[in-house]
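See structure below.
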Amino acid sequence: MALTAGIVGLPNVGKSTLFNAITQAGAESANYPFCTIDPNVGVVEVPDKRLSVLEEMIQPRKTVPTTFEFTDIAGIVKGASKGEGLGNKFLSHIRQVDAICHVVRCFQDENITHVSGTVDPIDDIETINLELIFADLETVEKRIQRIEKLAKQKDKQAMVEYEVLLKLKETFESEKPARIIPFTEEQQKMVKGYQLLTMKPVLYVANVGEEDVIDPTANEMVKAVKRFAEKEQSEVVVICAKIEEEIAELDGDEKIEFLQELGIEESGLDQMIRKSYNLLGLATFFTAGEQEVRAWTFKAGMKAPQCAGIIHSDFERGFIRAETVSYTDLVSYGSMNAAKEAGKVRLEGKDYVVQDGDIIHFRFNV
């Protein structure tokens, strides 16, 4: 499941500091060796307390968490949609990611200049959003030129597409993203083919100063970002990129102690990873045995054979059954044998839709 979230933001909003924290968090991982797929991709573990519980219960030789990728997108300036600055590189990189983590500056610091001369998170958000909208408008207008003639000739498929394109054009001209439009399932498939930037789900990352970490709700800029996000049904996670960079250098116990000193339960980076994971409709199933306990990422709604194929193509090709127990039932009964005796371990077939938290043993034959 090589899905990735792209980190975007204006200059000096903390994007690079946050990405440094991500790469350091990956490098310090005890169980998963950090790898850089290319210079601007960082791989981090998905925090999941269930994995620790399974590890303690089963005592495997090794434990392997599932991972998630973040791509550091080239910086942006006004006019990016017209090729200003690194605009073309910025837009091409966004096309390749599955979700957007939009870092917004919500702190004042006289030593860090703002590209606009003043700190205004909503203006920052709108600057980037408008560049994406302008790029999408250009894409749609080009497609309209190709399809309009056919639509006027009463070609049924072209008429349906033309209607969708006009709806998109109207939305973009109103400076709104495509993701706010309530498309039908058929229209969704059509729109997917356009690879629109503003169809990608967005997580706003409000980057605050160290003084706001304990109570970010007192920060007026954070409040403004949350109000903006609510209008387009997006989520917000509040972080302090500077502190996250420090946390990423600590090991497990030191990290817990540092968070306790700060008076927070979970690091902002962990929250960002989880929310990005959820944003993409991802879920986790587990395989568990004496040799290894491992977490696997899958797309919610996938059936058992498809999930088996995530482990190995032979598992999917020769799929017979999925011996399945829910995480809740396994923990409740304390062991796989006890869960079996209670009738909580099920044999599921090809049509079984895998659920988040399932512990599965795949039976196959090739």
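The values are calculated or read from the model by the stated rules, or taken from the named source; none is laboratory data. Predicted model, so just to flag it, every value in this text is computed and none were measured. Every residue, glycine among them, receives a Cβ derived from its backbone with ideal geometry; neighbour counts consider all protein chains shown. Please note that ligands, DNA and RNA were not included when accessible areas were found on the heavy atoms of the full protein model with its side chains. Shrake-Rupley method; radii C 1.70, N 1.55, O 1.52, S 1.80 Å.
Residue count for region 139-159 satisfying the condition of being without any contact (Cβ under 8 Å) to a residue 24 or more places away in the chain and within 14 Å of K169 (Cα to Cα): 4.
Whether any residue in region 323-344 is under 30 Å from V104 (Cβ atoms) and modelled with pLDDT of 95 or more is what I want to check.
Checked region 323-344: no residue is under 30 Å from V104 (Cβ atoms) and modelled with pLDDT of 95 or more.
Residue check: T284 meets all listed conditions (1) hydroxyl-bearing (S, T, Y); (2) more than 19 Å from T63 (Cβ to Cβ); (3) open to solvent by less than 40 Å² (accessible area, probe 1.4 Å) but one, namely (2). Please verify whether region 222-238 includes one or more residues that are of a type in the set (S, T, N, Q), modelled with pLDDT under 90 and either touching a helix residue (DSSP H, G or I) at 6+ places or on another chain (Cβ under 7 Å) or in a helix (DSSP H, G or I) (or both). There is no residue in region 222-238 that is of a type in the set (S, T, N, Q), modelled with pLDDT under 90 and either touching a helix residue (DSSP H, G or I) at 6+ places or on another chain (Cβ under 7 Å) or in a helix (DSSP H, G or I) (or both). Just one of (1) in a helix (DSSP H, G or I); (2) open to solvent by 10 Å² or more (accessible area, probe 1.4 Å) fails for S276. It is (2).
Tell me, yes or no, whether region 194-202 has at least one residue that is outside any helix (DSSP H, G or I), touching a helix residue (DSSP H, G or I) at 6+ places or on another chain (Cβ under 7 Å), surrounded by 13 or more Cβ atoms within 10 Å (Cβ to Cβ) and aliphatic (A, V, I, L, M). For region 194-202, residues outside any helix (DSSP H, G or I), touching a helix residue (DSSP H, G or I) at 6+ places or on another chain (Cβ under 7 Å), surrounded by 13 or more Cβ atoms within 10 Å (Cβ to Cβ) and aliphatic (A, V, I, L, M): present.
Residues in region 213-229 that are under 23 Å from the mean Cα position of the chain (by Cα) and open to solvent by 50 Å² or more (accessible area, probe 1.4 Å): K223, K226, R227.
Would you check which residues across region 181-193 are assigned to a loop (DSSP other than H, G, I, E, B) and touching a Leu at 6+ places or on another chain (Cβ under 8 Å) and list them?
Residues of region 181-193 that are assigned to a loop (DSSP other than H, G, I, E, B), as a first pass: 181-184, 193.
Listed by number, the list holds a single entry, I181.
Is at least one residue of region 316-333 under 21 Å from R61 (Cα atoms) and either open to solvent by 50 Å² or more (accessible area, probe 1.4 Å) or in contact with a Ser or Thr (Cβ under 6 Å, 6 or more places away or on another chain) (or both)? There is at least one residue in region 316-333 that is under 21 Å from R61 (Cα atoms) and either open to solvent by 50 Å² or more (accessible area, probe 1.4 Å) or in contact with a Ser or Thr (Cβ under 6 Å, 6 or more places away or on another chain) (or both). Among the residues of region 162-176, is any part of a loop (DSSP other than H, G, I, E, B) and either touching a residue at least 24 places away in the same chain (Cβ under 8 Å) or within 25 Å of the chain's Cα centre (by Cα) (or both)? Yes, there is a match, as at least one residue in region 162-176 is part of a loop (DSSP other than H, G, I, E, B) and either touching a residue at least 24 places away in the same chain (Cβ under 8 Å) or within 25 Å of the chain's Cα centre (by Cα) (or both). Scanning region 131-147 for residues that are charged (D, E, K, R) and open to solvent by 60 Å² or more (accessible area, probe 1.4 Å) yields E138, E141, K142, R143, R146.
Based on what the data block shows, is Y333 under 24 Å from the mean Cα position of the chain (by Cα) and aromatic (F, W, Y)?
Working: under 24 Å from the mean Cα position of the chain (by Cα): no; aromatic (F, W, Y): yes.
Taking the combined requirement at face value, the residue does not satisfy it.
Residues checked against (1) in contact (Cβ under 8 Å) with a residue 60 or more places away in the chain; (2) aromatic (F, W, Y); (3) at positive phi:
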residue: E185; (1), (2), (3): no, no, no
residue: Q195; (1), (2), (3): yes, no, yes
residue: T198; (1), (2), (3): yes, no, no
residue: A206; (1), (2), (3): yes, no, no
residue: E220; (1), (2), (3): no, no, no
residue: E230; (1), (2), (3): no, no, no
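For the structure I just gave you, tell me whether V97 is more than 30 Å from D329 (Cα to Cα) and at pLDDT 80 or above. Yes: the conditions hold for V97. Among the residues of region 341-366, the one identified as touching a Phe, Trp or Tyr at 6+ places or on another chain (Cβ under 9 Å), without any contact (Cβ under 8 Å) to a residue 40 or more places away in the chain, in a loop (DSSP other than H, G, I, E, B) and surrounded by fewer than 13 Cβ atoms within 10 Å (Cβ to Cβ) is A342. Scanning region 39-54 turns up one or more residues that are at pLDDT 85 or above, under 30 Å from E210 (Cα atoms), in contact with a helix residue (DSSP H, G or I) (Cβ under 7 Å, 6 or more places away or on another chain) and assigned to a loop (DSSP other than H, G, I, E, B). Among the residues here, S116 does not qualify as at pLDDT below 90, of a type in the set (G, A, S) and in a helix (DSSP H, G or I).
The residue list E210, E265, E254 contains one member that is open to solvent by 30 Å² or more (accessible area, probe 1.4 Å) and in contact with a Lys or Arg (Cβ under 8 Å, 6 or more places away or on another chain), which is E210. Taking the listed residues V164, V236, the one that is open to solvent by 10 Å² or more (accessible area, probe 1.4 Å) and hydrophobic (A, V, I, L, M, F, W, C) is V236, with no other qualifying.
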